[in-house]
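Asker: Have a look at this one.
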Amino acid sequence: MAQHFLREIEALKQKLLGLSAMVEERIAKAIDSVVKHDAVLALEVVEGDNEVDQMEVDVEEDCLKLLALYQPVAVDLRFVVAVLKINNDLERMADKAVNIARRAEYLAQHPRQTLPSNLSAMAREVELMVRRSLDALVQDDTIVARQVCADDRAVDRLNREIHREIQEQIRANPEDVERLVHTLSVARHLERIGDLATNVAEDVIYTVEGEIVRHRTKAYA
């Protein structure tokens, strides 16, 4: 039975990694659809959301089956619990990617305008956080996981700078407020994806070390 359990754990990990790759691709496409003013690419992200949702349900069902059949303990229990949480966070990242794509669809229907100066930098940082959090998951690497948590502060700073820039543009160009609000929404959803990547990194630390580090910013230093 132990060997069968280990095979089930490995299959679960592979399925989670498949979901991770899918979500990472959706985020990259959503960002590209904003930068490239591409409504077709944005629509791909929106229409692909059902596939992510179904895979998220499959992973959750596998976790519940493992808990019911094998009643794992110690590190195996931590792993299954962490997968349940990471699975949910990945699905929420995909939802945020869809929200960004919907904003991109709107923006693509209007004349191209200059995006906030720090939006591309913020997008790159968020994509890097997502990639590193998933690398940490694959490699059980708590050093990388802690770096992801630390990087979230840079994303928050960029988000605040973008908010200030857009507020200034709204005051200067009130007739353009609707487009600017949609752009602001893109930054907000990017910031939230960064938060979710941080959640994944925290769960990696929990899985490997058995330590709950949520709300402990000193753990990320």
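The values are calculated or read from the model by the stated rules, or taken from the named source; none is laboratory data. What you see is a predicted model; the values in this text were computed from it and never measured. Don't worry about glycine lacking a Cβ; one is built from the backbone with ideal geometry, like all the others, and counts go over all protein chains shown.
Asker: Looking at this structure, is Val177 more than 15 Å from Val34 (Cβ to Cβ) and surrounded by 22 or more Cβ atoms within 10 Å (Cβ to Cβ)?
Answerer: Values: more than 15 Å from Val34 (Cβ to Cβ): yes; surrounded by 22 or more Cβ atoms within 10 Å (Cβ to Cβ): no.
No.
Asker: Is it the case, given these coordinates, that Thr183 is under 18 Å from Val35 (Cα atoms) and either of a type in the set (Asp, Glu) or surrounded by 19 or more Cβ atoms within 10 Å (Cβ to Cβ) (or both)? Spell out the reasoning first.
Answerer: Details: under 18 Å from Val35 (Cα atoms): yes; either of a type in the set (Asp, Glu) or surrounded by 19 or more Cβ atoms within 10 Å (Cβ to Cβ) (or both): yes.
Against the criterion (under 18 Å from Val35 (Cα atoms) and either of a type in the set (Asp, Glu) or surrounded by 19 or more Cβ atoms within 10 Å (Cβ to Cβ) (or both)), Thr183 qualifies.
Asker: Moving to a separate point now. So which of Leu41, Leu17 ends up being aliphatic (A, V, I, L, M) and modelled with pLDDT of 95 or more?
Answerer: The match here is Leu41.
Asker: Among the residues of region 34-41, is there at least one that is surrounded by 14 or more Cβ atoms within 10 Å (Cβ to Cβ), closer than 21 Å to Asp195 by Cα, in contact (Cβ under 8 Å) with a residue 12 or more places away in the chain and not acidic (Asp, Glu)?
Answerer: Yes, the conditions are met somewhere in region 34-41.
Asker: Here is a follow-up. Suppose we filter Glu209, Glu202 for residues that are crowded, with 23+ Cβ neighbours inside 10 Å and among the charged types (D, E, K, R); which single one remains? Spell out how you get there, then give the answer.
Answerer: Details: Glu209 fails: crowded, with 23+ Cβ neighbours inside 10 Å.
Unique residue meeting the criteria: Glu202.
Conditions tested, residue by residue: (1) among the β-branched types (Val, Ile, Thr); (2) without any contact (Cβ under 8 Å) to a residue 40 or more places away in the chain; (3) within 19 Å of His4 (Cα to Cα).
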position	(1), (2), (3)
Asp49	no, no, no
Val57	yes, yes, no
Cys63	no, no, yes
Asp76	no, no, yes
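Asker: With the requirement that a residue be out of contact with any helix residue (DSSP H, G or I) (no Cβ under 7 Å at 6 or more places or on another chain) and closer than 12 Å to Ala97 by Cα, what does region 1-42 give you?
Answerer: Of everything in region 1-42, just one residue is out of contact with any helix residue (DSSP H, G or I) (no Cβ under 7 Å at 6 or more places or on another chain) and closer than 12 Å to Ala97 by Cα, namely Glu25.
Asker: Filter region 133-157 for residues that are closer than 20 Å to Pro116 by Cβ and aliphatic (A, V, I, L, M) and give the result.
Answerer: Filtering region 133-157 for residues closer than 20 Å to Pro116 by Cβ gives 151-157.
Scanning region 133-157 gives Ala154, Val155.
Asker: For region 103-138: of the residues being within 18 Å of the chain's Cα centre (by Cα) and of a type in the set (S, T, N, Q), which is surrounded by the most Cβ atoms within 10 Å (Cβ to Cβ)?
Answerer: Once the filter is applied, the top-ranked residue is Ser133.
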